[in-house]
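See structure below.
The values are calculated or read from the model by the stated rules, or taken from the named source; none is laboratory data. Bear in mind that the values here come from a model prediction, so they are computed numbers and not experimental data. For neighbour counting, all protein chains shown are included, and Cβ atoms are generated from backbone atoms with ideal geometry for every residue, glycine included. Note: areas computed on protein heavy atoms with side chains; ligands, DNA, RNA excluded. Shrake-Rupley method; radii C 1.70, N 1.55, O 1.52, S 1.80 Å.
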Amino acid sequence: MATSRLARGQGRTAALLIGPFLLLFLAFSVAPLVYAAWLSLFTERSSGLGFGGVETFFVGLGNYARALGDAAFRDSFVVIATYVLLYIPVMIGGALLLALLLDSAMARAKRFFQLGLFLPHAVPGLIAAIIWVYLYTPGLSPVIDVLESAGVKWSFLSADHAMFSVVNISTWEWIGYNMVILYAALQAIPRDVLEAGTVDGASGLRIALRIKVPLIRPAIALNVLFTVIGALQLFTEPKVIYRASTEIGSSWSPNMYAMRAAFDNHDYGLAASASILIALLGGVLSFIVTRFSARRTQP
């Protein structure tokens, strides 16, 4: 009897603690997805010669077929794939290197450097993109002036170099965040394991590569997962670059395509279907990365 009362009490406590999260999750995550899925099944068309107003028609999966059949939408995913191939090695590799350096015995002023490296992440993404676009703009940027004085010509806002510019902005914003996660994982490694490697005569580099990195592999996989999901949501950086130079096009990323469809073309059904496809792809990629990392971390 006492056990059942205790179980009921724990259930009420759990419901009380989880309830607010579930309500917010349903209101701000599930409900918008359901509404977007419903909106994606309809389209609006002008009746007659356009003088009879706008009518809503049920098209089923027609908007999905339109999105998938649009070369601009497909090309935006090619851009994201290229972005991921460039961004993940640079950002994850850089964050891992910084975390290992901070965790090394020779590191000094660890708190200072940890805070300094994390500070760019505290800058809102829009502000960071505007700052970097200023540094990318000819006639305004001291960086371009230095490069030109050295005989180097590089157009950061051109279609050929915009990918590197976006990767640079994203790396500047997120490398400190990922470094903190990896550094926390390194701090959780039992010290006796590292001491055993030192006693066996392993160098600092060997300990880092053969002991530390394998032990924090789940944290690395988590960072990769977050980075892949974040790549699908890429919007702010290329949008600001597009405002400064229209060479990259208004549908450079999938989210830019959805925004153009909704607010430039007022085709909300197409925008909703594109958003649902982006969300589905994000879920599939999350599942693949999670399963792959789970297999790699199994003994």
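Go through (1) open to solvent by less than 50 Å² (accessible area, probe 1.4 Å); (2) without any contact (Cβ under 8 Å) to a residue 60 or more places away in the chain; (3) not basic (K, R) for L98 and report which single condition fails.
(2)
Determine, yes or no, whether S286 is within 16 Å of the chain's Cα centre (by Cα), at pLDDT below 90, more than 15 Å from D70 (Cα to Cα) and open to solvent by less than 30 Å² (accessible area, probe 1.4 Å).
Answer is yes for this residue.
Is it the case, given these coordinates, that F263 is within 19 Å of the chain's Cα centre (by Cα) and modelled with pLDDT of 85 or more?
Spelling it out, it is not the case that F263 is within 19 Å of the chain's Cα centre (by Cα) and modelled with pLDDT of 85 or more.
Could you tell me whether segment 186-193 includes any residue that is in contact with a Leu (Cβ under 6 Å, 6 or more places away or on another chain), surrounded by 12 or more Cβ atoms within 10 Å (Cβ to Cβ), closer than 15 Å to D103 by Cα and at pLDDT 85 or above?
Yes: segment 186-193 contains one or more residues that are in contact with a Leu (Cβ under 6 Å, 6 or more places away or on another chain), surrounded by 12 or more Cβ atoms within 10 Å (Cβ to Cβ), closer than 15 Å to D103 by Cα and at pLDDT 85 or above.
I'm checking my understanding of the structure. Among residues of segment 245-258 that are crowded, with 19+ Cβ neighbours inside 10 Å and in a helix (DSSP H, G or I), which one is modelled with the lowest pLDDT?
I248
Take the conditions open to solvent by 80 Å² or more (accessible area, probe 1.4 Å) and under 21 Å from I127 (Cβ atoms) and apply them to Q233. Does it pass?
Criteria met by Q233.
When you look at T227, is it among the hydroxyl-bearing types (S, T, Y) and without any contact (Cβ under 8 Å) to a residue 12 or more places away in the chain, yes or no?
no
Kindly provide the set of residues from segment 148-179 that are farther than 21 Å from E237 by Cβ and open to solvent by less than 80 Å² (accessible area, probe 1.4 Å), ordered by number.
A150, G151, V152
Restricting to segment 183-212, name every residue that is part of a loop (DSSP other than H, G, I, E, B) and within 28 Å of L115 (Cβ to Cβ).
Result: A188, I189, P190.
Determine if segment 133-140 includes at least one residue that is exposed (fewer than 13 other Cβ atoms within 10 Å of the Cβ), of a type in the set (G, A, S) and at negative phi.
Within segment 133-140 (the criterion being exposed (fewer than 13 other Cβ atoms within 10 Å of the Cβ), of a type in the set (G, A, S) and at negative phi), the answer is no, since none of the residues qualifies.
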